[in-house]
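K.L.:
Got a structure for you, written out below as structure tokens; questions coming shortly.
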Amino acid sequence: MDNTQSLKLVELNDLHIALGGKMVPFAGFNMPVQYSNLILEHNAVRNNVGVFDVSHMGEFLLKGEKALDLIQLVTSNDASKLTDGKVQYSCMPNNTGGIVDDLLVYRYNQNEYYLVVNASNIEKDWNWIASHNTFGVQMENLSDELSLFAVQGPNAIKVLQKLTDVDLSSMEYYSYKTGSIAGCEDVIISNTGYTGAGGFELYVWNKDARKLWDAVFEAGKEFDILPCGLGCRDTLRLEKGFCLYGNDINDTTSPIEAGLGWITKFTKDFVNSSYHKSLKENGVSKKLVGFEMIDRGIPRQHYNIKDAAGNIIGEVTSGTQSPTLGKAIGMGYVSTEFSKAGSEIYIDIRDKALKAIVSKIPFL
């Protein structure tokens, strides 16, 4: 049976299949998990340049005189600090102490903002924001009309600069410009990405997606540019200690517990802000930490974390074999007393308690 019938397809779905992409269901979409092999793709991005099609992500346009007021209410970071052309990482707290989603906020001008949300949460996020929209803000869901390519790695700028007159070298991290690239107009060129390897994200109308993809790969030939799948996207973000929604943060985790106090600003009121403020002031009972395996074994989501006496003290949220470090790493929530770097913990892997050590993140 063809299980892709119920899955949503990105604009370039057929191209990814033709390129040898191993397709898997992800967040309701048919997505390439890898093309060649995970370590090759991972190293290409970390050391050179690779391209992800992340068109499954959601994009909302918020317009109106009170657009900022709505964003300030539903997000934890202080969006009033944004100026035109700047981007902010943030999250949307729910009413019960957890997180609806993490997202990026783009300021176009004082009355116009773009929100970029996780694919699995598009409908949930839309409904959540709409339910708080007592400000008369005009909301538009552009998710099905846009493709998004993440051109990542230290050589990304050399590839993309060939294709545009926009001066990419002058763009600060977490800023963007709208311009022409590879003959495609009205493309958002954003100095962002979730790999920690540098690079840019390109938001392009679906009608121009194939043209832009082909141009990027033509320009990247001299650098042996590679298409990259979700597999290495996960190993790359984990090496940098970036949270993945559904793993490291979810409807039950506070940004304070997740080490996201830096995007949680109490200079304003937001949904359930008093709860998170009390956590910050009074302390938390669990914290998200990074850890490195001492014993051989790969930690996976939901594996128990124990102390030396065998008591359960937490749970793994993400884990992998790090291609860059050549060892197994992970993240997970542990009781606060075990959250200090250097603390010895044990991961339950196949009924064995394997030793690990809490380490500072990012891992590299």
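Throughout, read-outs are computed from the coordinates displayed, never taken from laboratory work. Just so you know, these numbers come straight off a predicted model, no measurement behind them. Note that each Cβ is placed from the backbone with ideal geometry, even for glycine, and that neighbours are counted across all protein chains shown.
K.L.:
Evaluated at 37 °C with a viscosity of 0.692 mPa s, what Stokes-Einstein diffusion coefficient in µm²/s does the stretch 93-247 have when Rh comes from the Kirkwood expression over alpha-carbon pairs? Please list the in-between numbers first.
P.N.:
Numbers: Rh = 17.1 Å.
Stokes-Einstein gives a translational diffusion coefficient of 192 µm²/s.
K.L.:
Okay, next question. For the stretch 285-359, state what percent of all Cα-Cα pairs lands in each successive 10 Å bin, counting from 0 Å until the bin that includes the largest distance.
P.N.:
Cα pair-distance distribution for the stretch 285-359, in percent: 24, 62, 14, 0.
K.L.:
Beyond 24 Å between alpha-carbons counts as too far, so tell me which of Lys177/Lys360; Lys265/Lys286; Lys81/Lys340; Lys240/Lys277; Lys177/Lys211 fall in that bin. Could you put the intermediate results ahead of the total?
P.N.:
Details: Lys177/Lys360 34 Å; Lys265/Lys286 20 Å; Lys81/Lys340 32 Å; Lys240/Lys277 26 Å; Lys177/Lys211 20 Å.
With Cα atoms farther than 24 Å apart: Lys177/Lys360; Lys81/Lys340; Lys240/Lys277.
K.L.:
Pick from Ser170, Ser180, Ser120 the residue whose mean-square fluctuation is largest in a GNM of the chain, springs joining Cα atoms under 10 Å.
P.N.:
Ser170
K.L.:
DSSP loop (so not H, G, I, E, B), at most 15 other Cβ within 10 Å: list which GluC sites (Glu not before Pro) in the stretch 165-204 pass both filters.
P.N.:
Taking the stretch 165-204 and a limit of 15 other Cβ atoms within 10 Å, the loop GluC sites (Glu not before Pro) found are Glu172.
K.L.:
Please report, in cubic angstrom per residue, the volume enclosed by the convex hull of the alpha-carbon atoms of the stretch 201-307. Display every interim value, and only then the final one.
P.N.:
On the way: hull volume 20.9 nm³, N = 107.
Per residue, the Cα convex hull of the stretch 201-307 comes to 196 Å³.
K.L.:
5 Å is the cut-off here: which amide hydrogens, built 1.01 Å from N in the peptide plane, fall below it relative to Val10, excluding neighbours closer than 5 in sequence?
P.N.:
So Val10 has HN proximity to Asn30.
K.L.:
Now for a different question. Can you tell me which of Arg296, Arg350, Arg237 moves the most in a GNM of the chain? Springs connect C-alpha atoms under 10 Å apart.
P.N.:
Answer for the Gaussian network model of the chain: Arg350.
K.L.:
May I ask what percent, to the nearest 5, of DSSP beta bridges between residues of the chain are antiparallel?
P.N.:
Working: 79 of 85 bridges.
The antiparallel fraction comes to roughly 95 percent.
K.L.:
Residue by residue through the stretch 18-32, what is 3J(HN,Hα) from phi via Karplus (6.51 cos²θ - 1.76 cosθ + 1.60, θ = phi - 60°)? Round to whole Hz and write x for glycine and proline.
P.N.:
Karplus-based 3J(HN,Hα) across the stretch 18-32 equals 5, 7, x, x, 7, 8, 9, x, 8, 6, x, 10, 8, 10, x Hz.
K.L.:
Given Cβ point charges of +1 (Lys, Arg) and -1 (Asp, Glu) and nothing else, what value in debye, to the nearest 20, does the dipole of the chain about its Cα centre take? Could you put the intermediate results ahead of the total?
P.N.:
Details: 34 positive and 44 negative charges, 212 e Å.
Using Cβ point charges on Lys, Arg, Asp and Glu, the chain gives about 1020 debye.
K.L.:
If r is the Cβ-Cβ distance from Ser131 to Thr336 and R0 is 51 Å, what FRET efficiency results, to the nearest 0.05? Don't skip to the end; give the middle numbers.
P.N.:
Values: r = 34 Å, r/R0 = 0.66.
With R0 = 51 Å, the Cβ-Cβ based efficiency is 0.95.
K.L.:
Over the Cα atoms of the chain, what is the Rg over Rh ratio if Rh follows Kirkwood?
P.N.:
Rg/Rh: 0.97.
K.L.:
Could you go through the stretch 325-339 in sequence order and give the Karplus-derived ³J(HN,Hα) for each residue, using 6.51 cos²θ - 1.76 cosθ + 1.60 with θ = phi - 60°, rounded to whole Hz, and x for Gly and Pro?
P.N.:
8, x, 8, 7, 10, x, 10, x, 8, 10, 3, 3, 5, 9, 8
K.L.:
With charges set only on the Cβ (+1 for Lys and Arg, -1 for Asp and Glu), what does the dipole of the stretch 58-141 come to about its Cα centre, in debye to the nearest 20?
P.N.:
So the dipole magnitude of the stretch 58-141 works out to roughly 140 debye.
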